[in-house]
Amino acid sequence: MIRRSHPALGRIRELRRSRSARDADGVFLAEGIHLAKEALGAGAEVETAVVSPRLATSAEGLALRRELERSGVPLLETTDTVLDSLADARSPQPVLLIVRARPSTREQAIEGRGGTVLLAVVHGVQDPGNLGTVLRTADAASATGLVVAGEGADLRHPRAVRATAGSIFRLPAAVSRGDEIFPCLAARSIRCVGTAPRSSTDFTRVPLDGPVAIFLGGEGAGLPPSWLGRMDDTVRIPLHEGVESLSIGAAAAVLLFEVRRQRAALGLFSRGG
């Protein structure tokens, strides 16, 4: 039973609070039974698991512990109180993993899981939870990948990882800080469709059944004007009078599932597109 002062726990505290530490080590934290199961199911490389006695209080927890042991994951055992002090989640968690990230290039995120390209591109998202929600939504809508552009939140932040609900282990995601995403999309004849509140085009009136990248701007600022000028189409989501905007997660759901709806209507829908 390791104590609060153990060096491994000090490293976890640093990974929780520091993006540079996560980037330098190429790892992130995944908290809770659900994310641990998702990580193992996806074949993620788990560096270490920290567990507390709380894990043994449920059949699901006991089964997870056996699976971690079968997978050869090193287990560090500590008290419930110490593990609670390490976690970012508000509710107590019985397990915390250090997971090695699988870096994806822009090209890998674009090609993603195969099928007709449906790429989600988010620019300047500041809240880690919102960023994780978009990734989860993109996964649910059968997007092929996600690109995080502009300065903003870290997809490996504990809150972002938790908000993905496991999609971070399935959907290829890449970071692209500049505007180099555009030549990559043009080379593949991928249509760029961006959200713009002042657009006169309803999102349902744009054909989205072909290869497409859906661009979503961050909270408040939206997409930069220079990016809007490079879109093949800009669209708006009609809102009830008095409502200024949707959250980026809600906007992502509306647009990405519209792509899925249009493709299904044409008999084009598959797991990848």
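How are the alpha carbon pair distances in the range 71-138 distributed across 5 Å bins from zero to the largest one, expressed in percent?
In order of increasing distance, the bins hold 3, 11, 14, 17, 16, 13, 13, 9, 3, 0 percent.
What do you get for trypsin sites (Lys or Arg not before Pro) in the range 1-79 restricted to DSSP loop and a cutoff of at most 10 other Cβ within 10 Å of the site's Cβ?
ARG3
Mean shadow of the range 120-246, computed from the convex hull of its alpha carbons, in nm²?
7.8
Counting only GluC sites (Glu not before Pro) that sit in a DSSP loop (anything but H, G, I, E, B) with at most 15 other Cβ atoms within 10 Å, what is the longest stretch of the chain containing none of them?
After excluding every exposed loop site, the longest remaining stretch is 1-150.
If I take every Cα pair under 8 Å that is 6 or more residues apart in the chain, average their sequence separation and divide by the length, what percent do I get for the relative contact order?
19
Which value, in nm² and rounded to one decimal, describes the direction-averaged projected area of the C-alpha convex hull of the chain?
Result: a mean projected hull area of 15.5 nm².
Averaging over every viewing direction, what projected area does the convex hull of the Cα atoms of the range 26-95 cover, in nm²?
Here the figure is 4.5 nm², rounded to one decimal.
Can you run phi through the Karplus equation (6.51, -1.76, 1.60; θ = phi - 60°) for the range 142-152 and list ³J(HN,Hα) in whole Hz, with x for Gly and Pro?
Couplings: 6, 4, 8, x, 9, 10, 9, 10, x, 7, x Hz.
In the range 120-162, whose amide N lies under 11 Å from the spot 7 Å out along Cα-to-Cβ of HIS34? List them in ranges.
In the range 120-162, the label zone of HIS34 (backbone N under 11 Å from the point 7 Å along Cα→Cβ) covers 162.
Please report the spacing between the Cα centers of the range 75-113 and the range 243-270 in Å, no decimals.
29
Report the label-to-label distance for SER226 and ARG261 in nanometres (one decimal), using points 7 Å from each Cα along the Cα→Cβ vector.
The two pseudo-label positions are separated by 3.5 nm.
ALA63 to ARG19: FRET efficiency via 1/(1 + (r/R0)^6), r the Cβ-Cβ distance, R0 45 Å, to the nearest 0.05?
Between ALA63 and ARG19 the formula returns 0.85.
What does the accessible area per residue of the range 1-141 come to in Å², with a 1.4 Å probe and no ligands, DNA or RNA counted?
Solvent-accessible surface per residue comes out at 45 Å².
Starting from the range 213-273, pick out the trypsin sites (Lys or Arg not before Pro) whose DSSP state is loop and whose Cβ has at most 14 other Cβ atoms within 10 Å.
Answer in residue order: ARG271.
The values are calculated or read from the model by the stated rules, or taken from the named source; none is laboratory data. Here the structure is a predicted model, which means the values were calculated and not measured. Virtual Cβ from ideal backbone geometry, glycine too; neighbours counted across all protein chains shown. These accessible areas exclude ligands, DNA and RNA; they are computed on the full protein's heavy atoms, side chains included. Shrake-Rupley method; radii C 1.70, N 1.55, O 1.52, S 1.80 Å.
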